Amino acid sequence: QVRNDLTGVLYGEDIEISDTESFSNDPCTSVKKLKGNDVRIILGQFDEEMAVKVFCCAYDEEMYGSKYQWIIPGWYENLWWESWINSSQCLSKNLLAAMEGYIGVDFEPLSSKTNKTISGRTPQQYEKEYNAKRGDGQSSKFHGYAYDGIWVIARTLQRAMNYLNSTNKHQKIEDFNYTNHKLGKIFLNAMNETRFFGVTGEVVFRNGERMGTIKFTQFQEQKEVKVGEYNAVDDKLVIINNSIRFQGLEPPKDKTIIQEELRKISLPLYSILSALTILGMIMASAFLFFNIKNRNQKLIKMSSPYMNNLIILGGMLSYASIFLFGLDGSFVSEKTFETLCTVRTWILTVGYTTAFGAMFAKTWRVHAIFKNVKMKKKIIKDQKLLGIVGGMLLIDLCILICWQVVDPLRRTVEKYNMEPDPAGRDISIRPILEHCENTHMTIWLGIVYAYKGLLMLFGCFLAWETRNVSIPALNDSKYIGMSVYNVGIMCIIGAAVSFLTRDQPNVQFCIVALVIIFCSTITLCLVFVPKLITLRTNPDAATQNRRFQFTQNQKKEDSKTSTSVTSVNQASTSRLEGLQSENHRLRMKITELDKDLEEVTMQLQDTPEKTTYIKQNHYQDLNDILSIRNFTDSKDGEKAILKNHLDQNPPAQWGSSDPSRTSKDPIEDINSPEHIQRRLSLQLPILHHAYLPSIGGVDASCASPCVSPSASPRHRHVPPSFRVMVSGL
């Protein structure tokens, strides 16, 4: 009945009862249900024996401490748990730990005030007199109420008698019986009007119930301490100063308070990454200033300065997107955050395409010039390259516009599992995160990644095709390959880590920002730092063909190597390198004299009458060529054949009809036009055959392009005209 009455009162005060459990023997099942229903404040109604079992179960279920508050009857005997501890399976220290802080509720046996009561005594005087008359007899905590109850009966009878005397003189109090409802109502009204100060406090009745004083005690350090009282007459709760000790920093909550907390990006982290981003933009601005200032330099002009500006612009757009990725709900409103979702995606996408599109466009021009024979003499202007970059950006814009129109990015909130409060408060934190998502996020990202992947593959193809271009100012294939490799690896790693750290915004933002900073910085440095170094050290070397620089560079290396020779192996290596350098130098000399050789050869095709007009310097040049060929091909089979030709007796082979020439000076006879014609007839095919491998001709292992190696030039038929040999050359 008490529980039912309490339930009605609580519902009337808008207090929710989460659960009600009853038990007769084992309370542990009921305690588990209370915990499962997240009940924090428990009102218990049981005797001392059952209280020991309840608190043992509470200890096992960890339903004690700062998060729970037990309220039980306060009329238990002093040290009541010691009588029943042996009947439970709980240790004494565990039981006391679970009991610590419970609040007992009981009526106040005597008033603590010092006012005189209706009997003329104070409550303290009454208690002293009562204990004196009681002696060693057992005390009852209700003796004060019994004493005040006698006074209530006396005052009620007196008030009823006065009422009867004043209203109905024929009816007396002696006429009372239990069937006389009229007289019973007079008694009830008289009792409700009775009010006086007794030894238990203010004595007042409402609806037949005594309105008294309720005291509250708390179990603190193995003893009960009074912490306050409630005066039902005045409806006033009095708490003794600093007497209540809660286990936590504040009173326990009636249930688990769930507080949603937005996980935001740390301001120091955002500041550090923003500082790095600003440094990157300053570096990009320095490269832009360098490119504009030196745009008329041959090295920069050959590397397409306008395309370089676009590369820098793309890098700066990528840098700028970092600032937008770091702005979340702690900095901007929800509507602004949703707008930033779209803006940062556009900026990063366009910046990526602008940078790599410009890089690949100028590489395509090099590929078109050096690889496509039909376009070899055509001029590909920067306007066409700008059109290529614009076409790439147009594809980007089409994808982004369709994305925005069909399925735009929205602000979504993702809730995670509850976590304990780091500050130790009796609340649970439910982290929430803001994301930029839409319905078909995977499909749109797949389209963007596929397009960017094809762009990267196209760049790799161009880099591979132009890897053998011998002009350093035009050949960026190595740097493009390094850029594509670094960007590809970092993007894959960054995307994977970013996906795995969705619930950690600081880690996710740090990874995304560092990937963008690393990729943009590496790309800009690979494009511009080599040009900066070359322009300061040797600007002309980068615009020349590497094949014509080889001899000079090799000589420098030989001079450096020769100064550091300290052993036989190093000396041998230096000598070998010197011979190779000399060999290449002589081959270059052959290339330079090729024009003169062809001119002399064409003159020799004319009639014998014209051959006498060949200049003497042409003869000397031809002799130089022949001597050079003898040196350069000293390791090949041609050398032996050439010496055999020179050792032959020309008059015996050709049968000269001028006998007078035998008596002339040998040197003059050797340099005569007839001898030169004979030498050319023998050595020009050999020279032509040895020169062909250097320009991609027949294999040098072949002794002659006309006859077998075993055939002797002495028995070879030589026609009067050299047209076949010249056409072969």
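The values are calculated or read from the model by the stated rules, or taken from the named source; none is laboratory data. Quick caveat, the model's predicted, so the values are computed rather than measured. Cβ atoms come from the backbone with ideal geometry, glycine included; neighbour counts cover every protein chain shown. Quick note on the areas: whole protein, heavy atoms, side chains included, nothing else; ligands and nucleic acids left out. Shrake-Rupley method; radii C 1.70, N 1.55, O 1.52, S 1.80 Å.
Of the residues in the stretch 291-305, how many are open to solvent by 70 Å² or more (accessible area, probe 1.4 Å) and either of a type in the set (S, T, N, Q) or outside the structural domain of residue 528 (by the TED database) (or both)?
2
Tell me, please, whether a residue that is among the polar types (S, T, N, Q) and either crowded, with 18+ Cβ neighbours inside 10 Å or under 23 Å from residue 218 (Cβ atoms) (or both) can be found in the stretch 22-43. Within the stretch 22-43 (the criterion being among the polar types (S, T, N, Q) and either crowded, with 18+ Cβ neighbours inside 10 Å or under 23 Å from residue 218 (Cβ atoms) (or both)), the answer is no, since none of the residues qualifies. In the stretch 513-539, the residues that are without any contact (Cβ under 8 Å) to a residue 40 or more places away in the chain form Cβ pairs under 7 Å with partners that are in a helix (DSSP H, G or I) and open to solvent by less than 20 Å² (accessible area, probe 1.4 Å), at six or more places apart or across chains, as follows: 515/494.
Quick check on residue 184: is it under 60 Å from the mean Cα position of the chain (by Cα) and surrounded by 12 or more Cβ atoms within 10 Å (Cβ to Cβ)? Judged against the criteria, residue 184 is not a match.
Among residues of the stretch 81-93 being buried (at least 17 other Cβ atoms within 10 Å of the Cβ) and not small (Gly, Ala, Ser), the one that is farthest from residue 223 (Cα to Cα) is 90.
Whether a residue is under 30 Å from residue 104 (Cβ atoms) and of a type outside the set (Ser, Thr, Tyr) was assessed, and residue 193 does not pass this test. Residues of the stretch 104-137 that are buried (at least 19 other Cβ atoms within 10 Å of the Cβ) and among the hydrophobic types (A, V, I, L, M, F, W, C): 107, 110.
Yes/no per residue for (1) hydrophobic (A, V, I, L, M, F, W, C); (2) open to solvent by less than 40 Å² (accessible area, probe 1.4 Å); (3) modelled with pLDDT of 90 or more:
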{"residue": "315", "(1), (2), (3)": "no, yes, no"}
{"residue": "319", "(1), (2), (3)": "no, yes, yes"}
{"residue": "324", "(1), (2), (3)": "yes, yes, no"}
{"residue": "330", "(1), (2), (3)": "no, no, no"}
{"residue": "334", "(1), (2), (3)": "no, no, no"}
{"residue": "338", "(1), (2), (3)": "no, no, no"}
{"residue": "344", "(1), (2), (3)": "no, yes, no"}
{"residue": "351", "(1), (2), (3)": "no, yes, no"}
{"residue": "357", "(1), (2), (3)": "no, yes, no"}
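Criterion first (over 19 Å from residue 3 (Cβ atoms) and free of Cβ contacts under 8 Å to residues at least 40 places away in the same chain) does residue 59 satisfy it? Yes; evaluated as a whole, the condition is true for this residue. Where strands (runs of 3 or more DSSP E) sit wholly within the stretch 1-113, those with at least 1 residues that are of a type in the set (Asp, Glu) occupy 103-107. Of all residues in the stretch 193-226, those satisfying the criterion of being over 60 Å from the mean Cα position of the chain (by Cα) and surrounded by fewer than 15 Cβ atoms within 10 Å (Cβ to Cβ) are 193, 195, 196, 206, 207, 208, 209.
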